[in-house]
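Visitor: Please read through the structure below; I'll follow up with questions.
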Amino acid sequence: AGGAEGAAGGAAADGLAATGGGGRRGLPAQGPSGVATPAAGPCGADRHPDFRIGMVLPWVDGGVDGTRHTPAWFPHLAATAAHSSLLVDWVILHEGSLALPPAARPPNVFLFDVQPGGIARLFAARLSGALGLATDEARALEQRMLLMFGKWPRLVAEYKPAYGHIFSRWLGNYTHWGYTDFDTIVGQLPRFIERSELTEHHIVTYSFGDTEAVYLRGQWTVHRNTPGVNRLWRQCSHLSDGLLHELSLKVAHLRKMEAAGKANYHKRFLSAEGCYSYKAAHTRTVRIKVATKQFVGMGKQAAHVYALGGAIWRCDRELAPSEVDELLAVTKPACGYALLGVQSPVGQPERQTISGSGCGGWMPSEYRMCAPHLRAAGGHSLVLHDGEVFSQRVESDPAVHALGGACHEGAFFHMQEWKKRWARDGAANVDPEARFDAFRISESGIHAIPGMLRVKYP
């Protein structure tokens, strides 16, 4: 783990404080700030001998009213991430204080404080260097990013495809890196991540079953950590040769809207689900897999999501206490090295005809890749290679179904539309009695499970 210690040590030398755990492949077991490692995860101190995935999450607060607005569910994300410590780390960069309570400090969640404005400066420096910008251009890029990230923090997600390059100093000892979102609750990822996904594919992304839409999901996309893969982002003009121009258009649009007195307006946000997905899929040397393994909160749903024993279960109703006990009894830690997954192929792959209509209405039409005949097909994964798309029917292991089919286990839950109905930081919708690693989620918020209440810390 010398490479990782060197990268993290360099961060400390530059004044970037870190807390969290790690060890072996990945970040060091003691953070560069000298903070001791918390207790080991559910698989003990064990780490997979062959693979380590670093999921990068930059957090820009954007508290224009002078207060911080870290999501109230952040401790729940961190605590549930512990159950994937065998295989996955979360590398979270933030600006200023970002504390986690004692019960939500797992050994595989690292917090790096880059100080106010540090994320914009990091993005600008790394992108300027990669693109060979002149000094005045690099200065202009930094100023525009400082302005736009401060006004609209979500813009950091536009640069997700370049995270492998931007955050390379933190990722040097990982076999894979990925991007994800803060509005996720994590299940037992080592149960769902397959060895073949990590060895046979350059990029793997998890969908919620919308198989007809062929693109890389912002909630979970993992990349092989190689120079070739980490340069794919440069094929998108708005991230490379057109970066400064696109940012100038964003600034001009911002000024125009502010001058008109508008607070809420359409942003010039160019999602990685558009250009980057299309370019990666049409790069002949790149092999991509799209698998249905996530749950999502969308629309009016009767579903309830349970975080229990490290697993994420989506159930078609709120469970009785005896059913919660039954569900907990069938939930076991995922600590095996084999990474066999929970999906098995059925039959042979089928080549699909792709069109530019029938999906992805939020992205430019020239980047849409749609297979409308797979709509609601369910039980399919996709493989993209040499510009072609193949679908593969799969069936799930019976172990991921429980209570007579009323509950199903998934890799993680994405709050998506549900959390948009909550207060800005979700504090009013998160039950303070809910344990960080055992709770229920509905469209109205995060709830305590009777008999599983949170221990209070001073």
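The values are calculated or read from the model by the stated rules, or taken from the named source; none is laboratory data. What you see is a predicted model, and the numbers here were worked out from it, not measured in a lab. Cβ coordinates were reconstructed from backbone atoms using ideal geometry, including for glycine residues, and neighbour counts include every protein chain displayed. We work out accessible area using only protein heavy atoms, side chains counted, and drop any ligands, DNA or RNA first. Shrake-Rupley method; radii C 1.70, N 1.55, O 1.52, S 1.80 Å.
Visitor: For the stretch 49-119 and the stretch 200-268, what is the separation of their C-alpha centers, rounded to whole Å?
Guide: Using only Cα atoms to place each centre, the spacing works out to 21 Å.
Visitor: Per the 1.4 Å probe, what fraction of the accessible area of the chain, in percent, lies on carbon and sulfur atoms?
Guide: On the way: 9710 of 18370 Å².
Carbon with sulfur: 53 percent of the solvent-accessible area.
Visitor: Sorted from largest down, give the three principal axis spans of the alpha carbons of the stretch 396-452, whole angstrom values.
Guide: Sorted largest first, the three principal extents are 38, 28, 16 Å.
Visitor: How would you classify the stretch 123-162 from its alpha-carbon gyration tensor, with a ≥ b ≥ c the square roots of the eigenvalues: rounded for a/c under 1.5, else prolate if a/b is greater than b/c, otherwise oblate? Please list the in-between numbers first.
Guide: Details: a/c = 3.84, a/b = 1.39, b/c = 2.75.
In terms of gyration-tensor shape, oblate.
Visitor: Additional query: DSSP H helices in the chain with Cα extent of 15 Å or more along the helix axis and mean Kyte-Doolittle hydropathy at least -0.5?
Guide: Working: long enough: 2-13 (16 Å, 0.44); 118-131 (19 Å, 1.09); 135-151 (24 Å, -0.38); 243-259 (24 Å, 0.13).
Passing helices, by number: 2-13, 118-131, 135-151, 243-259.
Visitor: With a 1.4 Å probe and every protein chain left in place, work out the accessible area per residue of the stretch 207-283 in Å², rounded to a whole number. Mind dumping the intermediate values first?
Guide: Working: 3250 Å² over 77 residues.
Here the residues of the stretch 207-283 average 42 Å² of exposed surface.
Visitor: Charges only on Cβ, +1 for Lys and Arg, -1 for Asp and Glu: so what's the dipole of the chain about the Cα centre, in debye to the nearest 20? Write out the running numbers ahead of the final one.
Guide: On the way: 47 positive and 42 negative charges, 156 e Å.
It works out to roughly 760 debye.
Visitor: Quick check: convex hull over the Cα atoms of the stretch 203-316, volume per residue in Å³, rounded to an integer? Write down the numbers at each step before the final one.
Guide: Working: hull volume 18.5 nm³, N = 114.
Taking only Cα atoms, the stretch 203-316 has a hull volume of 162 Å³ per residue.
Visitor: Would you give the gap between the C-alpha center of the stretch 129-155 and the C-alpha center of the stretch 318-356, rounded to a whole Å?
Guide: 42
Visitor: Taking N as the number of residues in the chain, what value does Rg over Cα atoms divided by 2.2 N^0.38 Å take? Before the final figure, lay out each step's value.
Guide: Working: Rg = 21.4 Å, N = 458, 2.2 N^0.38 = 22.6 Å.
Relative to the 2.2 N^0.38 Å estimate, the chain comes out at 0.95.
Visitor: I would also like to ask the following. Using the Cα centre of the chain as origin and beta-carbon charges of +1 (Lys, Arg) and -1 (Asp, Glu), tell me which of W59, T199, P345 is placed farthest towards the positive end of the dipole.
Guide: Towards the positive end, the residue furthest out is W59.
Visitor: Just check the stretch 315-458 against the gyration tensor rule for me: Cα atoms, a ≥ b ≥ c as the square roots of the eigenvalues, rounded for a/c under 1.5, and otherwise prolate or oblate depending on whether a/b exceeds b/c. Please report the intermediate quantities before stating the final value.
Guide: Working: a/c = 2.61, a/b = 1.55, b/c = 1.69.
Here the stretch 315-458 falls in the oblate category.
Visitor: Another question, then. Provide, for q = 0.19, 0.23 Å⁻¹, the log10 of I(q)/I(0) from a solvent-free Debye sum over equal Cα point scatterers in the stretch 155-261.
Guide: Here the Debye-derived log intensity ratios amount to -1.10, -1.37.
Visitor: For a Förster distance of 60 Å, can you work out the FRET efficiency between the beta-carbons of R317 and M257, rounded to the nearest 0.05? Present the calculation step by step, with values, prior to reporting the outcome.
Guide: On the way: r = 44 Å, r/R0 = 0.73.
That gives a FRET efficiency of 0.85.
Visitor: What full-extension length gain, to one decimal in nm, is calculated for Y265 and R121 as 0.36 nm per residue of separation minus the Cα-Cα distance? Intermediate values should be presented prior to the final figure.
Guide: Working: separation 144, 0.36 × 144 = 51.84 nm, distance 2.60 nm.
Contour length minus the Cα-Cα distance gives 49.2 nm.
Visitor: Taking the Cα centre of the stretch 404-454 as origin, sum charge times position over the Cβ atoms of Lys and Arg (+1) and Asp and Glu (-1), and report the length of that vector in debye to the nearest 20.
Guide: It works out to roughly 140 debye.
Visitor: Students often check this: by mean Cβ neighbours within 10 Å, which of 379-386, 215-222, 78-85, 392-399 ranks highest, and how do the rest follow? Numbers along the way, then the final one.
Guide: Numbers: 379-386: 19.5, 215-222: 24.0, 78-85: 27.4, 392-399: 14.0.
Ranked by mean Cβ neighbours within 10 Å, highest first: 78-85, 215-222, 379-386, 392-399.
Visitor: Just want to confirm a number: the relative contact order over the chain, from Cα pairs under 8 angstrom separated by 6+ residues, in percent.
Guide: Values: 974 pairs, mean separation 79.7, N = 458.
This gives 17 percent for the chain.
Visitor: Related question: Which lysines does K262 reach when only Cα atoms under 26 Å apart count, and residues fewer than 8 places away in its own chain are ignored?
Guide: Of all the lysines, those that pass the test against K262 - Cα under 26 Å, at least 8 places apart if same chain - are K151, K250, K419, K420.
Visitor: While we're here: Can you list the HN-Hα couplings for the stretch 359-364, worked out from phi with the Karplus curve (6.51, -1.76, 1.60; θ = phi - 60°), rounded to whole Hz and with x for Gly and Pro?
Guide: 6, x, x, 7, 10, x
Visitor: Which whole-number percent is the relative contact order of the stretch 111-215 (Cα, under 8 Å, 6+ apart)?
Guide: Details: 34 pairs, mean separation 19.8, N = 105.
Rounded, it is 19 percent for the stretch 111-215.
Visitor: Got a sec to turn the phi values of the stretch 390-397 into Karplus ³J(HN,Hα) couplings, 6.51 cos²θ - 1.76 cosθ + 1.60 with θ = phi - 60°, whole Hz, x for Gly and Pro?
Guide: Rounded to whole hertz, the list is 10, 9, 10, 5, 10, 10, 8, 4.
Visitor: About the Cα centre of the stretch 366-458, how large is the charge dipole given +1 on each Lys and Arg Cβ and -1 on each Asp and Glu Cβ? Please answer in debye to the nearest 20.
Guide: On the way: 11 positive and 12 negative charges, 93 e Å.
Dipole about the Cα centre, nearest 20: 440 debye.
Visitor: Now for a different question. Two decimals, Cα atoms only, Kirkwood Rh: what is Rg/Rh over the stretch 99-184? Before the final figure, lay out each step's value.
Guide: Numbers: Rg = 14.6 Å, Rh = 14.6 Å.
Value, to two decimals: 1.00.
Visitor: Also, quick follow-up: Report the normalised scattering of the stretch 263-362 as log10 I(q)/I(0) at q = 0.18, 0.19, 0.22, 0.24 Å⁻¹, calculated by the Debye formula with identical scatterers on the alpha carbons.
Guide: Evaluating at q = 0.18, 0.19, 0.22, 0.24 Å⁻¹ gives log10 I(q)/I(0) of -1.15, -1.17, -1.26, -1.35.
Visitor: Arranged from highest to lowest average of other beta-carbon atoms within 10 Å per residue, in what order do the peptides 103-109, 447-453 appear?
Guide: Details: 103-109: 23.4, 447-453: 14.9.
Output ranking for 103-109, 447-453: 103-109, 447-453.
Visitor: Continuing with the same structure: What number does the stretch 231-271 give for Rg over Rh if you use C-alpha atoms and the Kirkwood radius?
Guide: Working: Rg = 12.5 Å, Rh = 11.4 Å.
Checking Rg against Rh, the ratio lands at 1.10.
Visitor: Of L155, A99, G172, which is farthest on the positive side of the dipole of the chain, counting Cα position, with +1 on Lys and Arg Cβ, -1 on Asp and Glu Cβ, and the Cα centre as origin?
Guide: Farthest towards the positive end: L155.
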